[in-house]
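Down below is the structure, laid out as structure tokens.
The values are calculated or read from the model by the stated rules, or taken from the named source; none is laboratory data. The structure displayed is predicted, hence computed values, not measured ones. Glycine gets a Cβ as well: all are built from the backbone with ideal geometry, and neighbour counts include every protein chain shown. With ligands, DNA and RNA removed, areas are computed over all heavy atoms of the protein, side chains included. Shrake-Rupley method; radii C 1.70, N 1.55, O 1.52, S 1.80 Å.
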Amino acid sequence: DLSVPVRRGEYFYYSRTVEGLQYPIHCRKHGSVEGEEQVLLDLNEMAAGLEFLSLGSFDVSDDARRLAYTTDTTGMRRYKLHLKNLATGETREGLAERVTSVEWAADNRTLFYTTEDETTKRSDRLWRLALDGGAAQEIYYEPDELYQIGVQRTRDREYLLLGIGATDSTEFHFWRAAEPESAPRLFLKRERDHKYDLDHRGGLFYIRSN
């Protein structure tokens, strides 16, 4: 079975399953869906010797050279962050633990990710990790126990978004993907019974609101 290929940049990304194998194989083709297949992650090989494996985040850098992904081998949704060089196949494992979302900056060498509290499993901290050296920096903490957070990119890839949400309200902070060192700015503060989504294209922010 084959998923519908999704184009991003010069590549078409998809996953496929093979009869008799338990897990999907994540692949891409350059230039055309008729091109030569490159296997990015074969979860069947990765699961060898394990009782359980789950893939969480799967995010390729803008230059298509690096893959950031998370895996859980416990069955408890405790995802660890890994980095794979798609040219050499070299993998750096365990860059962070209890990761809930991952997103690249536009410089292809900075990762943003969120983590959960060990006890409550609430996603509450945002981190910035420069892959060329140095420890990860915590850049946001959400103290309100009613809210969880996640990081994402707008569909035009121009901005990074920190989404903060509870059952009845949301809040977004934003910063340019090409300026990973800049501080996230508040878009519209949280308000009870107000939920909204945010995206960007052509110099305009688009809001879907209740």
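Where [x] 25.3; [y] 13.4; [z] 14.0 are the candidate values, the label of the one calculated here for mean projected area of the Cα convex hull in nm² is [y]. Applied to the stretch 140-147, the Karplus parametrisation 6.51 cos²θ - 1.76 cosθ + 1.60 on θ = phi - 60° returns per-residue 3J(HN,Hα) values of 7, 10, 9, x, 6, 5, 7, 10 Hz, with x for Gly and Pro.
Ranked by solvent-accessible area (1.4 Å probe, protein heavy atoms only, all chains present), the residues Ser32, Ser123 order from largest to smallest as Ser32, Ser123. Taking a ≥ b ≥ c as the square roots of the eigenvalues of the Cα gyration tensor of the stretch 89-185, is the shape rounded (a/c under 1.5), prolate (a/b larger than b/c) or oblate? Oblate.
With the charge dipole of the chain set up from +1 on Lys and Arg Cβ and -1 on Asp and Glu Cβ about the Cα centre, the Cα lying farthest toward the positive end among the listed residues Thr110, Gly49, Gly94 is that of Thr110.
Protein heavy-atom surface of the stretch 10-62, 1.4 angstrom probe: 47% of the accessible area is carbon and sulfur, with nucleic acids and ligands not counted. Farthest toward the positive end of the dipole of the stretch 113-201, out of Thr120, Leu188, Gln137, is the Cα of Leu188, where the dipole comes from beta carbon charges about the Cα centre.
The charge dipole of the stretch 143-210, taken about its Cα centre with unit charges on the Cβ of Lys, Arg, Asp and Glu (plus for the first two, minus for the last two), comes to roughly 240 debye.
Taking the Cα centre as origin and putting +1 on Lys and Arg beta-carbons and -1 on Asp and Glu beta-carbons, what dipole magnitude results for the chain, to the nearest 20 debye?
Here the size comes out at about 380 debye.
Rounded, prolate or oblate: which fits the stretch 1-119, taking a ≥ b ≥ c as square roots of the Cα gyration tensor eigenvalues, rounded meaning a/c under 1.5, else prolate when a/b beats b/c? In terms of gyration-tensor shape, oblate.
Between Gly202, Phe174, Gly163, whose Cα lies farthest towards the positive end of the dipole of the stretch 138-210 when Lys and Arg beta carbons carry +1 and Asp and Glu beta carbons carry -1, centred on the Cα centre? Result: Gly202.
Normalising by the residue count of the stretch 69-210, find the relative contact order in percent from Cα pairs under 8 Å and 6+ residues apart.
Values: 316 pairs, mean separation 19.3, N = 142.
Here the relative contact order equals 14 percent.
Bridging of Lys84 to lysines at a Cα separation below 25 Å is possible for Lys29, once same-chain residues fewer than 8 apart are set aside. For the chain, adding -39500 (n - 2.57) for each run of n ≥ 4 DSSP H residues and dividing by the number of residues yields -500 deg cm²/dmol at 222 nm. Computed with a 1.4 Å probe over protein heavy atoms only, the accessible surface of the chain comes to 58 Å² per residue.
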